[in-house]
1. Please specify each residue of region 90-112 satisfying the condition of being farther than 18 Å from residue 355 by Cβ and within 27 Å of the chain's Cα centre (by Cα).
2. Name every residue in region 133-149 that is open to solvent by 60 Å² or more (accessible area, probe 1.4 Å) and touching a helix residue (DSSP H, G or I) at 6+ places or on another chain (Cβ under 8 Å), in order of residue number.
3. Spot the failing condition for residue 290; the list is (1) surrounded by 12 or more Cβ atoms within 10 Å (Cβ to Cβ); (2) out of contact with any Asp or Glu (no Cβ under 9 Å at 6 or more places or on another chain); (3) not in a strand (DSSP E or B), and only one is missed.
4. Assess whether residue 166 counts as being under 26 Å from the mean Cα position of the chain (by Cα) and either free of Cβ contacts under 8 Å to residues at least 40 places away in the same chain or surrounded by fewer than 17 Cβ atoms within 10 Å (Cβ to Cβ) (or both).
5. Residue 248: out of contact with any helix residue (DSSP H, G or I) (no Cβ under 6 Å at 6 or more places or on another chain), part of a helix (DSSP H, G or I), open to solvent by less than 40 Å² (accessible area, probe 1.4 Å) and of a type outside the set (A, V, I, L, M, F, W, C), yes or no?
6. Can you name the residue in region 60-108 that is among the acidic types (Asp, Glu) and in contact (Cβ under 8 Å) with a residue 40 or more places away in the chain and is also farthest from residue 457 (Cα to Cα) among such residues?
7. Looking only at helices (runs of 4 or more DSSP H) that fall completely inside region 357-476, which ones have 1 or more residues that are open to solvent by 60 Å² or more (accessible area, probe 1.4 Å) and over 28 Å from residue 42 (Cα atoms)?
8. With the requirement that a residue be touching a helix residue (DSSP H, G or I) at 6+ places or on another chain (Cβ under 8 Å) and under 19 Å from residue 335 (Cα atoms), what does region 95-122 give you?
Amino acid sequence: MTAILGAGISGLAAGHYLRRKAASLPLTIYEASDRVGGWIRSERSAKDDFIFEAGPRTIRPKGPAAANTLELIEHLGLADHVYSISSSHTAARNRMIYAKGKLNLLPSSLGGLFKTMPPFTKPLYLAAFRDLLAGRSESPLQDESMYSFVNRRFGKEIADYAVSSMLCGICAGNAKEISVKFLMKELFEREQQHGGVIKGMLKEALVNRNKKKPTAATPGLGKLAQRAKSENWSIYSLRGGLQTLPDTLATDLQSKGVSIVTGTKFEELKFDRDRVLLRVDGKEHILQHLVSSIPSYKLAKHVDQQHPELAGTLRSIPFVDVCVINLQYRRADLLKQDGFGFLVPPIENLPILGVIFDSCCFDMQENTVLTVMMGGAWFEQWFGKNPSEDQLLDVALTNVQKILGIDQRPDAYKVNLLRKCIPQYTVGHQQRVAAARDYIAKHKLPIALCGASYDGVGVNDVILSARNNVETIFSS
């Protein structure tokens, strides 16, 4: 028997790939909560005229990890449920940051790089020249914070306003702590190898140009990935909300004999040579393999007694609390500037990370729907340890009024306080994850690790993490 801990999107995806590898393998997925989907949670209104998303709401369609997700969606028969946003859509073109007291549109075309666009005081193309002239780091680096790297190579303004804002949106994290080697590995390695990011890109382009094209055909994209490419998607979701993906995946797994047990209590985990002894809800199960998609700090508690070194490594991955507040107004004309939304760089010293304009991205009929994100790396600084829902809502509405000029109370709202929901990929993250997996391999423990704790926070990342780490079970 094989078991998976966690029925979030990564755990469900692990079940999907395990079932594809071994159709007759007895498989159970254990989930502590009363639902599947993890942090993906879509709530439809009673009239079905708008949706509140408590977690992720869109997926990016570009790159190998994205192609993998699109393949999964196609396999599940959800291709006709995709709600895509093309690169020419207002929500794709208009992305903003709030800085220096106003909303500022970010460049959405090559021409924008040659203009001075607030909050920047110089055209952004000049940052490329700075990189060309900066030279390599004084000594070889194993890793570095995103802020330090970008400040060094492209300047303080890019670090303060562009990259720091971006990380608020990606992982609610502090750019002065997040690892560049993990999030921007290729850029970091180009600098270390070639003495600069632009230099590295130019050298690699020349090398690739001189290489003979391979005669063997490269694997083609699936139909949905081809469609995404031809229609030039920027982002996409699923009709009915992103919750449609884990719900459909769970139904598909159950139809193939996979047991999904929710509301369970994971009590004990022991390794006995090549077996795993798992106690759930007072019952002990003997497993050949275990896949853990639960947060690393939760798994750490259960391996601490037998493997304290592994537990220490798992515990060293930090997590942050985020508050997501959904707001609905029964008016469709409240926003003065349409777009995807805006982010707030930490240098502005405001208690919100950003606001998503959901009703600009998706059809919400005659409603304005917003999502306010707050906290992250600065949660306790702004809200203390145990803020009330009223306190959090008041902060959100105050900032919506200040920045967007919306004075009226929302007609509906939802306060989602998500404790320890996003791992922080701080400097050295890649080494920590490698250390955990190396320990497992060295001690021949029949467990595989997947999910956001290790391989990235996006939907594409955690699905690919599941696929790649399920492979290790069959290669060992």
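The values are calculated or read from the model by the stated rules, or taken from the named source; none is laboratory data. What you see is a predicted model, and the numbers here were worked out from it, not measured in a lab. Cβ placement follows ideal geometry from the backbone for every residue including glycine, while neighbour counts extend to all protein chains displayed. Note: areas computed on protein heavy atoms with side chains; ligands, DNA, RNA excluded. Shrake-Rupley method; radii C 1.70, N 1.55, O 1.52, S 1.80 Å.
1. 107, 108, 109, 110
2. Residues satisfying the conditions are 136, 140, 142.
3. (3)
4. Working: under 26 Å from the mean Cα position of the chain (by Cα): yes; either free of Cβ contacts under 8 Å to residues at least 40 places away in the same chain or surrounded by fewer than 17 Cβ atoms within 10 Å (Cβ to Cβ) (or both): no.
In short, no.
5. So residue 248 passes the test.
6. 74
7. So the answer is 379-383, 429-442, 459-475.
8. 97, 98, 99, 103, 106
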